[in-house]
Amino acid sequence: MAALARSQPVAGFMQANRFTRGMASRFVGGDSAAAALSKSIGLSARGVAISLNYLGEYLTSPAAIEENVAQIETAVGLLGSSALDVHVSIYPTQIGYALSAPLGEANGLRIARLLAAQPPSGRRRLLMLDMEDFPLVQPTLDLRARLARSGCPTAITMQAYLHRTGRDLHDLVADGAAAIRLVKGAFAERRERAWTARADVDREYLAQAAYLLSAEARSGGLYPIFATHDEAMIRAVAAIAARNLWRPEEYEFEMLYGVRPPLQRQIVSQGRRLRLYVPFGTEWWPYTMHRIGENPANARLVLSALWNSRA
């Protein structure tokens, strides 16, 4: 699946084929901002919040970067006065950081200011900075600080498996970070930078979750977000929150749209807050292949789509 995701010829064929585009609908909210907004409204009626992300990362073409920013701005503008509880997620390399830090920062400010200018919708809308591989960790932290100083509502994603994350979390809480999304981490990092054994990563995730649900974090005004599809981890985080007297509306879980729907429904039925990460755009092939690769049973989706494309 990883090889298929990286293949430009395969991606071009699959994304252009009307039979195979239907496969993406399981994991992707649509090929346009309007389609993603429509999908998000439908999902929100089921009791979930939304995190929108325009597909496309690691860009070095100024024209492609500008197109990404324009598409993200279109999505932000469409939010308007809707009642959606929504975060707008962006990867630093999709807004210019793979080309130059000044360009990435300028585009980050551009998007954040537009989001801040949207009419209020009940809950605060945030620009969520996704985290990428190790060389981008500090630039992403610097961008969050810059946006916060500018008065823009900004959150950041932190990866539990990095050795530096515990220290970074304390710094973020001390700086009054609005929200932090905690993930385990999915990049292949060296051992001197990250824990690589699953047991170690799980231990760190829970230790960091405990800090994000601490009295210190609460007094700093932090809103913690726990992004995981690990049911045991979800139960453990909920237990920590209960012990520390955090109400269910004071933190949330986040999952990918289309991944483990029964577990998603279970979380909502338990009265817990759940946010779904809903990507959109035309570059859906790599993202979809990675989601299918995480669960080999889903390989039949690819085979079915390829078979139908021959008809």
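FYI, it's all coordinate maths here, none of it is from the lab. The structure presented is a predicted model; accordingly, all values stated were derived computationally and were not measured. Counting neighbours? That spans all protein chains shown, and the Cβs are built from the backbone with ideal geometry, glycine included.
Quick look at the values:
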item: Relative contact order (%) - criterion: Cα under 8 Å, at least six apart; region: the stretch 155-246; result: 34
item: Amide H partners (placed H, <5 Å) of residue 163, local residues excluded; result: 194, 195
item: Counted charge near residue 263, where neighbours are those whose Cβ lies closer than 12 Å (Asp, Glu -1; Lys, Arg +1); result: +2
item: Packing-based order for 216-223, 45-52, 277-284, using average beta carbon neighbours within 10 Å, highest first; result: 277-284, 45-52, 216-223
